[in-house]
Amino acid sequence: MINHLPKAELHIHIEGSLEPELMLTLAERNGLPAPFSSIQDAQAAYAFSDLQSFLDIYYKGAGVLITEQDFYDMTWAYLLRCRAEAVLHTEIFFDPQTHTERGIDISTVINGIDRALQDAKNQWGQSSHLILCFLRHLSSEAAMETLEQALPYKDKLIGVGLDSSEMGHPPSKFQAVFERAISEGLLTVAHAGEEGPADYIWQALDLLKVSRIDHGVRCIEDEQLMERLIAEQIPLTVCPQSNLKLCVVDDMSQHNILDLLNRGLLVTTNSDDPAYFGGYLNKNYDALVEHLNMTQEQAVQLARNSFTASFLSEQQKILFNQKINNYLAER
C-alpha cells in the first residue's frame, strides 16, 4: 500500500540524494579526484556517530558538483525516485553556500536544479518547490550575502530554511536574515529540535516566523511547546531513518513520531539525506511499519499530513487529498 500511496516529501536535501555511483561519475567527468575509491568504500564511510560526522562526509561528496549539468543530473535522479515512489509533490532544500564557497556561481546551482524540476513537471506532472537553506555554522553575514545573491532568482524559490550543525548555532543568530527574506515574500522553515534543545524550536517560531519545523522531535521534552504545536497545527517534517543513522534515537523502536501523531501534532515523514541514511521516502514509511507497528490508518494520515503541511495552494491540497481517496477506493 505504501509503495503506491500518493504522498509529498517536505524535507529532502538534494545534495543528500547524491548516490555514490553518480558521485564517482561526476568526479570522473569533471577531472576531480574521487571522494571515495569505490562505491563500497563510500558506503562503508556512511557510519555516523552524530550530525557533524555526517556533515563532514556530506560536504566531501558535494565537492564533485561543478557544472549546471551536474546539478541537473543529481536533481533528475531524485525526481525519478519520486516518480517511482508515488511522491507527487516535493519541496527540495539546497545549500548554495556549500558550492559558492568553492567558487561555483549561485546561478549554476539554481538553474541546474530548476531545469530538472521543470522537465519533470512537463514530462509527468511532477509538482515541486525549491527552498534555499543557509548553513548555520557559517556567519549570519554570510547568510545575508547568500540571500542577496539569490534574490535575482527568487521567482524559482518558495522559501528559505536553516540547516547544518545545530548545536551552538541557535535560530536567533539568523533573525535579521529571515526578516529580510520575509520582506521579499519568501516563506520560512528551519531545522530545530533535532540535536538542539526544544528552546531552538521556540526561537524558530517566534524569531524566524517559520511556517514549519524541520525535525522537531525534541519538542516532546517541553509540554507547553507540545500544546502550542498542536493548537496551531505547526508542521514537523520528521525524518526517522536520519534520526536513527545520526544517533538521535538508538533504535527505531524508540522513535516518537507515532506518539506525536497520536497526540495530534501535524507530523510528516521524510527522507532527509536518503543516499546517506539508507533509503528514500518509502523506506522511511516501511521502517515505521517494521519497528513501530504503524497501521494503515496512520500511514494514510502521514500522507495526508504531507500535503496539508506543504506550501501548495489550498486548491492543490484538496486535489492531492482526492488522489489519496481515489487510490484507497481502488485498492
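Taken together, the values in this text are just the output of simple stated rules run on the coordinates, not laboratory data. All values reported here derive from a predicted model rather than from experimental measurement. Quick reminder, even Gly has a Cβ in these numbers, built from the backbone with ideal geometry, and neighbours come from all protein chains shown.
Quick notes on this structure:
- Unique match (being among the small types (Gly, Ala, Ser) and farther than 23 Å from His129 by Cβ) among Ala287, Ala303: Ala287
- Residues in segment 177-218 that are in a helix (DSSP H, G or I) and small (Gly, Ala, Ser): Ala181, Ser183, Ala198, Ala204.
- Ala77, sole failed condition from (1) farther than 23 Å from Gln241 by Cα; (2) buried (at least 17 other Cβ atoms within 10 Å of the Cβ); (3) small (Gly, Ala, Ser): (1)
- Residues satisfying the stated conditions in segment 112-133, i.e. in a strand (DSSP E or B) and under 22 Å from Leu65 (Cα atoms): Ser128, His129, Leu130, Ile131, Leu132, Cys133
- Cys247 fulfils the conditions (1) more than 26 Å from Lys60 (Cβ to Cβ); (2) part of a loop (DSSP other than H, G, I, E, B); (3) out of contact with any helix residue (DSSP H, G or I) (no Cβ under 7 Å at 6 or more places or on another chain) except for a single criterion, (1).
- Test: residue in segment 139-158 that is free of Cβ contacts under 8 Å to residues at least 60 places away in the same chain, of a type outside the set (Asp, Glu) and not in a helix (DSSP H, G or I): yes
- Among residues of segment 307-331 being out of contact with any Lys or Arg (no Cβ under 8 Å at 6 or more places or on another chain), touching a residue at least 60 places away in the same chain (Cβ under 8 Å) and not in a loop (DSSP other than H, G, I, E, B), the one that is surrounded by the most Cβ atoms within 10 Å (Cβ to Cβ) is Phe320.
- Annotation: of all residues in segment 273-299 being small (Gly, Ala, Ser) and not in a helix (DSSP H, G or I), the one that is farthest from Ala84 (Cα to Cα) is Gly278.
- Subset of segment 51-70 (residues that are over 19 Å from Ser271 (Cβ atoms) and either touching a Lys or Arg at 6+ places or on another chain (Cβ under 8 Å) or buried (at least 22 other Cβ atoms within 10 Å of the Cβ) (or both)): Gly63, Val64, Leu65, Glu68, Asp70
- On the stretch given as segment 132-145, residues that are buried (at least 23 other Cβ atoms within 10 Å of the Cβ) and in contact with a Ser or Thr (Cβ under 9 Å, 6 or more places away or on another chain) total 4.
- Just one residue in the set Leu261, Leu302 is in a helix (DSSP H, G or I), crowded, with 20+ Cβ neighbours inside 10 Å, aliphatic (A, V, I, L, M) and under 18 Å from the mean Cα position of the chain (by Cα); that residue is Leu302.
- Residues of segment 255-274 that turn out to be closer than 11 Å to Gln241 by Cα, out of contact with any Pro (no Cβ under 7 Å at 6 or more places or on another chain) and not acidic (Asp, Glu), as a count: 3
- Among the residues of segment 34-75, the ones that are of a type outside the set (A, V, I, L, M) and within 29 Å of His169 (Cα to Cα) come to 16 in all.
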